[in-house]
Amino acid sequence: MPTVFILNGPNLNLLGVREPATYGYDTLADVEQRCLVRAQALDLAIDFRQTNHEGQMVDWIQEARESADGIVLNAGALTHTSVAVHDALKAADLPVIEVHLSNIFRRESFRHLSYVSLAADGGIFGLGPQGYELALEAMAALIEAAAGEGPR
Ligand code: DQA
């Protein structure tokens, strides 16, 4: 069964209590639960993680390179700052789908630049936790297409 790493960056551990007007009341555990249910229906295994640390995120993306078939990434604020995350994604050479709970393009201009988008196959933003489920659906299709094509 293909494995998808679902990686979450800084402050996403505070989901549910952090700025609920922007991010909603679901906790990250709620989001993980939704992902587990959806992954099961799609015949995907998931590894769902969160870190507040840039280096940890880079390490996990490097781990995915070895042991995952795709990455769903909500890098939080690292999205807008981290060339290191960008470079790790490029090196991973895996399907990558970017997720943001909020619509980053309706917010401050510093959120309009995404170093993740530059290394991602696609992205979903502004749809709250449902975005993670939609990303898994798209990821299942990308992995299936990649399996038919041989190595990337
Ligand atoms: C976020 C958007 C980012 O700009 C912000 O720094 C976050 C959360 C989102 O899911 O909407 O931490 O990635």
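Annotations for the structure displayed:
- In terms of overall dimensions, the C-alpha atoms belonging to region 48-152 reach 41, 27, 22 Å along their principal axes, ordered largest to smallest.
- Solvent-accessible area assigned to carbon and sulfur over region 21-97 amounts to 46 percent, based on a 1.4 Å probe.
- Dipole check for region 87-140: with +1 at the C-beta of Lys and Arg, -1 at the C-beta of Asp and Glu, and the Cα centre as origin, the magnitude is about 280 Debye.
- Computed over protein heavy atoms with a 1.4 Å probe, the accessible surface of the chain works out to 49 Å² per residue.
- Taking only the C-alpha atoms of region 1-117, Rg followed by Dmax gives 13.8, 40 Å.
- Charge tally in the Cβ shell below 12 Å around A138, where Lys, Arg are +1 and Asp, Glu are -1, A138 excluded: -4
- Only helices enter the 222 nm calculation for the chain: every DSSP H run of n ≥ 4 contributes -39,500 (n - 2.57), and dividing by all residues gives -13000 deg cm²/dmol, rounded to 500.
- Toward the positive end of the charge dipole of the chain, with +1 on the Cβ of Lys and Arg and -1 on the Cβ of Asp and Glu, the farthest Cα among A91, S102, A68 is that of S102.
- Taking every full run of DSSP H in the chain, the ones that stretch at least 27 Å from end to end by Cα along their long axis and average -1.0 or higher on the Kyte-Doolittle scale are 130-149.
- If you wrap the Cα atoms of region 1-46 in a convex hull and average its projected area over all directions, you get 3.3 nm².
The values are calculated or read from the model by the stated rules, or taken from the named source; none is laboratory data. This structure is a prediction, so every number in the text was calculated from the model and none was measured. All Cβ positions, even for glycine, are placed from backbone atoms using ideal geometry, and neighbour counts span all protein chains on display. Just the protein is used for accessible areas: all its heavy atoms, side chains included, with ligands, DNA and RNA removed. Shrake-Rupley method; radii C 1.70, N 1.55, O 1.52, S 1.80 Å.
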